[in-house]
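Working notes, beginning with the structure itself.
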Amino acid sequence: MTHKDTREGVEERKREDRGGEERDGRVHILSHLQDHSKLKSCSSDFHKLLRKIQGVPATLDFCPLEMTVVYSACAFSIAQSQVSQAESLLTEGLQRALCICTLRLLCLQWAIWLSMHRLKHIQDLKEELSSLSGRLSALEDEQREKNLAPQTPRLVAEPIRLAELLDICTILTQGAEWLSDGRHSEALSELQRGFSLRAPRNLLADAHVLSGLCLANMAFPLNTSALLSSPSLRGPLSVPSPASALHSLALKCVLHGRVAEGVEHYLDLLAVLRSDHPHVVHTEAVPALPRVCELYLETATALLLVGRTADCVALCDEVLSATLDLLPERLALEDPTEDCGEGEGSGSPSWGWDHDTLDAMLWAGCAHLLQAHCQAHVKDWKLATQASPVDPAGGRGSKVCTLQRLKGLSFAGRGISFTQRDQLREALRDLQLGTQLSPECVSAGLWLGEVLWRLDRQHEAASCWEKSLASTEPPGETFPLYLQELKCNPSLDPTVLRNRVQNLTRT
């Protein structure tokens, strides 16, 4: 092979190599053009999808999907060196996600500010906060229309309800602040804005009350109290004091069998009365609050019913100590069979004693009666017969029925105690007096029949039982709580008594 052939071969290979490089270059350029076209197409698809998603209000359920599309669209934009576009997409996506995720947290921030009385912070974001309920409502309506099941855990309080509650509470707080500052017109406008809100009735009532205070403080020459002086309006328009409301609750609990709960309310009431806040009680309250000795006696009765006899005796001792100086030295007894209705409403007793003296006699007698019940509760029948009062004055006047009720229960209680000691003659005497003074007292009639039965006077006993079992005790509100027939006394089984009557009838 010559030198010439060698040189030609080399050049031929060089030409072949250059041709291969040119072919490889064309293939690379063609592949690059194809990848760029695919990249641009995918980017366009993601951008179209993102525009569709962001064309409707953002929802919490679809926030993860939207963030995924935002991420992919931004990645394609960066791949195409479109950094500004990617930044714009990311900013808008984050704003929408932040709006959705922070609505609930914004409700909590609002609640914290309101609880800490930071009204200025709330005012600074007034526009955003005032539209919060509407935005939450729109999201809720959208989910309801599309039947979208929420994918988030259940919350202890729905944000939209919390926002509605915060709205009315903010209005009340701000209105009260302006009212105390003398800005009555501004306070009235703010409070009237709350009338149309969806809010609990008690808060709407508060808004109306504060609005009324605004109007009352604004200049008006006419005194409206003079126009509303009708006695028929005093009850409906009167607001009971907290102590009156607590007393009513305590009494209702005891009368309806929730005695333990009633005891707690009574003790709370006594604590209020002993506190240094006399403004909690006002004499014009409806219903009127009983006098202190009467409250002590009611509380003592409730304590007795739950078996707290020592506490009952202690309260009765306080009543006796408070009434000691008001009691007369001598008590005039009159015929206990006199008509208790005569003289009712006369305004003053016919025997010349003032009301304080008469009340003191009644309270002292009731205190002794409750202490006798305490002795009977622990089955100290001898002491129970000694403690039972039998001599509070009778007579005519506005309190005669209550006095006769006290005397009737006193005789009945002592008669029952005598029965437990098997002193039947003394028991018969007292029980007869008790039923004569208080014929509506069922237990006195039943025990009177028991005594007659033990004295071999069976037919009289049967008649007494039939009469007593057919009668009913008057409603609890007829007499004070401490003059009710207490269930803590020894009782007789009505079924056993009826069987005795039936057996006696057969013979």
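The values are calculated or read from the model by the stated rules, or taken from the named source; none is laboratory data. Remember, predicted model here, so these are calculated numbers, not experimental data. Cβ placement follows ideal geometry from the backbone for every residue including glycine, while neighbour counts extend to all protein chains displayed. Areas reflect the complete protein model, heavy atoms only, side chains present, ligands, DNA and RNA absent. Shrake-Rupley method; radii C 1.70, N 1.55, O 1.52, S 1.80 Å.
What does the C-alpha gyration tensor say about the overall shape of the stretch 410-476? Classify as rounded when a/c is under 1.5, otherwise prolate if a/b is larger than b/c, or oblate.
Taking the square roots of the gyration eigenvalues as a ≥ b ≥ c, the stretch 410-476 is oblate.
Can you list the residues, at least 5 places off or on another chain, whose amide H is less than 5 Å from the amide H of Arg198, using H built in the peptide plane?
none
When the Karplus curve 6.51 cos²θ - 1.76 cosθ + 1.60 is applied with θ = phi - 60°, which whole-Hz ³J(HN,Hα) does each residue of the stretch 174-188 get, with x for Gly and Pro?
5, x, 5, 4, 5, 5, 5, 7, x, 8, 5, 5, 5, 5, 5
Would you please put 41-50, 65-74 in order of how densely packed they are, using the mean number of other Cβ atoms within 10 angstrom per residue and starting with the highest? Write out the running numbers ahead of the final one.
On the way: 41-50: 15.5, 65-74: 17.6.
Per-residue mean Cβ counts within 10 Å order the peptides as 65-74, 41-50.
Sticking with the crude label model, points 7 Å out along Cα→Cβ, report the distance from Ser471 to Ala260 in nm, one decimal please.
Here the answer is 3.4 nm between the modelled labels.
Using the Karplus curve 6.51 cos²θ - 1.76 cosθ + 1.60 with θ = phi - 60°, work out ³J(HN,Hα) for each residue of the stretch 362-378 in order, rounded to whole Hz, and write x for Gly and Pro.
So the J values, rounded to whole Hz, are 5, 5, 5, x, 5, 4, 4, 4, 5, 5, 5, 4, 4, 5, 5, 5, 9.
Just to make sure I understand: if all protein chains stay in place, what is the order of Thr495, Thr323 by accessible area at 1.4 Å, largest first?
Putting Thr495, Thr323 in descending order of accessible area: Thr495, Thr323.
May I ask for the net charge around Leu267, where only other residues with Cβ less than 15 Å from the Cβ of Leu267 are counted and Lys, Arg are +1 while Asp, Glu are -1?
Summing Lys/Arg as +1 and Asp/Glu as -1 gives -3.
Tell me the label-point distance for the pair Leu203, Ser491, using the 7 Å Cα-to-Cβ offset, in nm and rounded to one decimal.
Placing both labels 7 Å along Cα→Cβ, they lie 4.7 nm apart.
Rounded to the nearest 0.05, what FRET efficiency is calculated for Gln109 and Arg161 with R0 set to 25 Å and r the Cβ-Cβ distance?
0.90
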